[in-house]
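Read the structure below first, then the notes.
The values are calculated or read from the model by the stated rules, or taken from the named source; none is laboratory data. Predicted model only: the values in this text are computed from it and were never measured. Cβ atoms come from the backbone with ideal geometry, glycine included; neighbour counts cover every protein chain shown.
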Amino acid sequence: MMRRPLVQPVAVIFLCALTLNACASNEKKISLEQVWAQDKQQLNSSIEQVKNDQLQAEQSRQQQADALADTQKKIAKLEQSNQSLQAQLKAVSNRMERLHSKKKAKARKTVVSTPTPIAKAEPKQRTTPVKALPPALPAVAVPKVNTVAQAEAEKNAYTSAYLALKSGRYDEAAIGFNKQLDLYPDGEYADQAWYWLGETRLAQNGNDKALNAFKYVADHYPNSVKHAAALLKLGQISEAQNHYNQSALFYKRLIHDHADSPLAEQAREALGRTQNGSNSTPKN
């Protein structure tokens, strides 16, 4: 009996191998697609994260730029304010230096007048004995006042109080001006001290005390550089207190005494306002 060849088993094995190979290829393909899908998702997430980081960084840079611009504006305003204050202080210092120089020149200048000689009368013959005069009392030495040092001390006191006022230290300024006026009531800066004392009282909401200070300037220093300003302040305070008749008197006085002053124009406008606003009598 002859044996059949082993063709069929070999074919079956070959087919199984092909099938297994195809299955492996399909599984490998599916695995690669899954990996690619995961990598793609991660890549997209990374891209989104980078975009968000860039957006946040841009917003942060913009905020920093805005903050820098705002800081620069504040610095510019502070510089302008500082320059304005320095200019005011320089103007006050220059004025005080000029006044001080004038006073020093006046103190150095002494005029010595030679008395006119008086003709001596011929002595008369006395018929009665002359009584002996009592011995003369020793002359009392009068201490000399150093006017230059006194002027310098007054200037320093005034400057200190003025700077305190401009710096907003109103209590210190009020004490300084009052002390100056106590020590130098007739000093060169007395009119200025009275005026700025009024401004200090206004800043402290002490209208009545401010009114008294400004009125002292108006009544006692007609030639002061602050005379017109004091009259204007008197009118404004009275107007604010609804004392329209009294404020009108101060405005008219300012217009009459200082017709060419820039403050006179303000007084004219205020006078028209008070006359049109109310004609009530001043309250006591």
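For this structure, a couple of remarks:
- Of all residues in the stretch 198-208, those that are in a helix (DSSP H, G or I) and in contact with a Ser or Thr (Cβ under 9 Å, 6 or more places away or on another chain) total 0.
- Selection status of L234, aliphatic (A, V, I, L, M) and either buried (at least 22 other Cβ atoms within 10 Å of the Cβ) or touching a strand residue (DSSP E or B) at 6+ places or on another chain (Cβ under 6 Å) (or both): yes
- Where K215 falls short, out of the listed (1) over 17 Å from S160 (Cα atoms); (2) assigned by TED's automatic domain parsing to the domain that holds T159; (3) touching a Lys or Arg at 6+ places or on another chain (Cβ under 6 Å): (3)
- Boolean, S224 is part of a loop (DSSP other than H, G, I, E, B), of a type in the set (S, T, Y) and either within 24 Å of E172 (Cβ to Cβ) or touching a residue at least 12 places away in the same chain (Cβ under 8 Å) (or both): yes
- Residue check, G206 surrounded by 14 or more Cβ atoms within 10 Å (Cβ to Cβ), within 17 Å of Y162 (Cβ to Cβ) and at pLDDT below 95: no
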